[in-house]
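Here, each number is a calculation from the coordinates, and none is a lab measurement. These numbers come from a predicted model, not from an experiment. Virtual Cβ from ideal backbone geometry, glycine too; neighbours counted across all protein chains shown.
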Amino acid sequence: MKNKKTKEKSPSLLDAGKPDSSSEKGIETERLRAKSSNLVHDGTRTKEIQPESFAAPDTEEKDQTKSKTEEEIKKTREIEAIVHIYSSYNNTIAHVTDMSGRTITKVSGGMVTKHSRLKANPTIAMFIAKRISEKMKEEKIKNLYIRNRAKTGNPTPGPGANAIVKSLSREGFRIINILDNTRIPRGGPKKKGGRRGRRP
């Protein structure tokens, strides 16, 4: 038997101009990839698009001005503190804390003078104020909240409280407000003095 020769179809002139379906699919896939990866297809090759600088020069200047203003605010920010003053007719104690309650400094009349009778004196209170003001200036504190406290049951604080407030205002501190934190007895144990009270 004779082997039948398979006739190979010769490409006609009409088919020569038509592109293959496989090549069309390849071009479409390349276009899809180009869209996703910032590439442009011009039919034969893909060109990479140079990314444009979207950040305008004005934004950099704004960021610099913002950072400068933040630094200026930090520098000009006034630190606040609370001055707790306990003043009785026997002693005067000044206790400075920050707004969270952390102790900055604490000075009493016994730290300034050796004489017990002078602990509640207004002049000793001025020396107490001078000591705490030096420490507060080191911490760059400018604003103060004053909290006065007298002995429980006493109607008025001791003589040293007013002297401390005056001397602190002279030192250049800004006093925001002054409050009286004297404790008020509600019931409790019997007071000393007997049935007829204390007599001279």
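The K142 and N181 beta-carbon pair, evaluated with R₀ = 30 Å, returns a calculated FRET efficiency of approximately 0.85.
Database remark: amide H of T182 closer than 5 angstrom to the amide H of A150 (H placed geometrically; neighbours at sequence offset of 5 or more, or on other chains; Pro and chain starts carry no H). The peptide list 147-155, 128-136, 192-200, 81-89, put in order of mean Cβ contacts within 10 Å with the highest first, becomes 81-89, 128-136, 147-155, 192-200.
Across region 79-94, coupling constants 3J(HN,Hα) worked out from phi with the 6.51/-1.76/1.60 Karplus curve, θ = phi - 60°, read 7, 10, 8, 10, 10, 8, 10, 9, 10, 10, 8, 10, 7, 9, 10, 10 Hz, and Gly and Pro carry x. The length gained on full extension between S67 and R131, counted as 0.36 nm times the residue separation minus their Cα-Cα distance, comes to 19.3 nm.
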